[in-house]
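Single-structure report; data block below.
The values are calculated or read from the model by the stated rules, or taken from the named source; none is laboratory data. These numbers were taken from a predicted model, which means no experiment stands behind them. Ideal geometry is used to build each Cβ from the backbone, glycine not excepted, and the neighbour counts take in all protein chains shown.
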Amino acid sequence: MSAFSNTLIDRLAAAEHVAVLTGAGISAESGIPTFRDPDGLWEKFDPQELANVEAFLDNPELVQGWYQHRRQLVEEAEPNAGHRALADLEAHVEEISIITQNVDDLHNRAGSRTVIELHGNITHNYCMDCERPAEAETVDAAIQNGTPARCPECDGLIRPDVVWFGEMLPPNAIEQADAATTQADVFLSVGTSAVVYPAAQFPMEARANGAYVAEINPDTTGITDEINESIRGPAGDILPALRDAVAERKGQ
Ligand code: BJW
Ligand code: ZN
């Protein structure tokens, strides 16, 4: 028996718009740790210490170093079968939007064409004062010298282009995610604990708008009780099987 229902395949095969919310779990099989799993990033580091602007201003070197480490991990990683299956799905459904909480760039690298980055992109850095983009090399050189990385133009502190707690999400990303959610006939929530807002509200909004909402996750999440279907398993197994089932249903 397959892990997902015939209803889901029927709905996907008939869908005009599909929206997919992804979280750290989809990149776990690329070797990138999640945040809240037992072996996750926050088992070793306190998020309150590192993922907010006050912490950054208190100890920019520490936070810059942590993000440099994670940027290097991401640059060495490759998209996995789950990312690739979502990119492949574009051949079988009319329109598919990937709304990602991930900062790792792996959906873009897998070839998905519509990727909405809610929490930024760790491969980019910018100056907190003048907002000019900054080169990763500038950050790396400063860390090598044991000093905080500063803007070559205005001496402001350089920060990663990610969204920390208490910060607004990029307005254009929110706008695009809202539109994709409202239009969705099917909404998939993949590899996210669905506890961080506003991202976690999108599956609920989709449901309220009549979408069929399914999650793909080995564990229960913040939205499990409120959606149509929960598929228990790793994204790298389930998504390729889902892609194949939709292709088969459509005779493609
Ligand atoms: C697998 C798998 C496999 C494992 N296959 N699956 C409304 C209510 C309550 C609170 C708030 C609210 N609105 C705003 C807030 C405050 C706050 C918030 O949500 N807090 C909650 C924690 C309570 N939100 C914010 O501050 C946001 N800003 C905002 O709302 O601005 C307006 C505002 C401003 C000021 C005041 C009030 C409002 C900003 C949120 C920014 C989140 N940033 C982070 C860090 C990014 C930078 C970095 O990378 O360091 O984003 S936090 C972290 O969590 C990261 C993630 O994107 C995000 C979500 O985590 P995710 O992806 O779900 O990962 P995990 O680890 O939690 O889950 C992994 C899942 O994968 C698990 O379920 C596993 O089972 C599964 N898994 N292997 C599939 N192989
Ligand atoms: Zn500057």
In the set GLY233, GLY222, the lone residue that is within 9 Å of ligand 1 (Cβ to nearest atom) and in contact with a Pro (Cβ under 8 Å, 6 or more places away or on another chain) is GLY233
Among (1) in contact (Cβ under 8 Å) with a residue 24 or more places away in the chain; (2) part of a helix (DSSP H, G or I), VAL103 falls short only on (2)
Checked VAL103, VAL18 against criteria (outside the structural domain of ALA149 (by TED's automatic domain parsing), more than 15 Å from ligand 1 (Cβ to nearest atom) and touching a strand residue (DSSP E or B) at 6+ places or on another chain (Cβ under 8 Å)); the one match is VAL18
*asked:* HIS83 - would you say it is within 15 Å of the chain's Cα centre (by Cα) and part of a helix (DSSP H, G or I)?
replied: yes
Log entry, pairs with first residue in segment 185-206 being within 18 Å of ASN102 (Cβ to Cβ), second being at pLDDT below 95, beta carbons closer than 7 Å, six or more apart or on different chains, reads SER193/ARG36
When segment 113-159 is checked residue by residue, the ones that are in a strand (DSSP E or B), within 14 Å of ligand 2 (Cβ to nearest atom) and surrounded by fewer than 21 Cβ atoms within 10 Å (Cβ to Cβ) are TYR126, PRO133, ARG150, LEU157
